[in-house]
Amino acid sequence: KTQLYEGGVRSSLIAWGPGLLAKKDHLNRQSVFSAIDLVPTILDLTGTPHPRGVTYDGQSVVDVLLGRANASRKAPLFFRRPPDRDAFYGDNDLPDLAVRAGKWKFLCEYDGAEPELYDMDTDRGETRNVAAGHPKVVARLSGLLRDWHQSMPPDRGADFIK
């Protein structure tokens, strides 16, 4: 999906299971979770023990899946743009990194430059960059994002398939 704005990272999930979903025609537009949350969620949903010694990056969101809660995952979600896709549809400098933590979404370049901060509760379209008005939030999320990025293996992108 190329970009780290919501159009590039947001995907819908439709869940169904006989006798599992209590609310008919329930649509949840509030909860934030990721594909990495699906394995621990399905294990818990089916009563399958988690394998010993295995740590998942994801978190179980069974109550959300079953329509009993509108909570979001507790841990932040991190994103990194593929290095070979810095330009897309006329935008020649897309953000390299992003983190979603609670109501905030923070995006920046690999070096932390060009910070963008959006309040996703009031601006899901990411049209109002409020970074200048929230320096403490920017500093906190920038630090989380930097630490996460440094802990990840390098992304070799297009070079990997040559």
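For residue 134, which of the numbered conditions (1) surrounded by 15 or more Cβ atoms within 10 Å (Cβ to Cβ); (2) at pLDDT below 90; (3) more than 16 Å from residue 9 (Cα to Cα) fails to hold?
(2)
Applying the selection to the range 52-74, what residues are small (Gly, Ala, Ser), at pLDDT 80 or above and surrounded by 14 or more Cβ atoms within 10 Å (Cβ to Cβ)? Give the derivation first.
Narrowing the range 52-74 to residues small (Gly, Ala, Ser): 53, 58, 60, 67, 69, 71-72.
After this cut, where a residue has to be at pLDDT 80 or above as well, the list is 53, 58, 60.
Scanning the range 52-74 gives 58, 60.
If the Cβ limit is 7 Å and pairs must be 6+ apart or interchain, which residue in the range 5-20 that is surrounded by 11 or more Cβ atoms within 10 Å (Cβ to Cβ) pairs with which residue that is of a type outside the set (A, V, I, L, M, F, W, C)?
From residues that are surrounded by 11 or more Cβ atoms within 10 Å (Cβ to Cβ), the pairs are 5/126; 6/124; 6/126; 8/1; 8/2; 9/1.
Here is a check on your reading of the model: is residue 33 hydrophobic (A, V, I, L, M, F, W, C), at negative phi and at pLDDT 90 or above?
Values: hydrophobic (A, V, I, L, M, F, W, C): yes; at negative phi: yes; at pLDDT 90 or above: no.
It is false that residue 33 is hydrophobic (A, V, I, L, M, F, W, C), at negative phi and at pLDDT 90 or above.
How about the range 110-122: which of its residues are over 15 Å from residue 148 (Cβ atoms) and surrounded by 15 or more Cβ atoms within 10 Å (Cβ to Cβ)?
Answer for the range 110-122, where residues must be over 15 Å from residue 148 (Cβ atoms) and surrounded by 15 or more Cβ atoms within 10 Å (Cβ to Cβ): 115, 116, 117, 118, 119, 120.
The values are calculated or read from the model by the stated rules, or taken from the named source; none is laboratory data. Note that this is a predicted model, so its numbers are computed, not measured. So basically every Cβ, Gly included, is an ideal-geometry build from the backbone, and we count neighbours across all protein chains shown.
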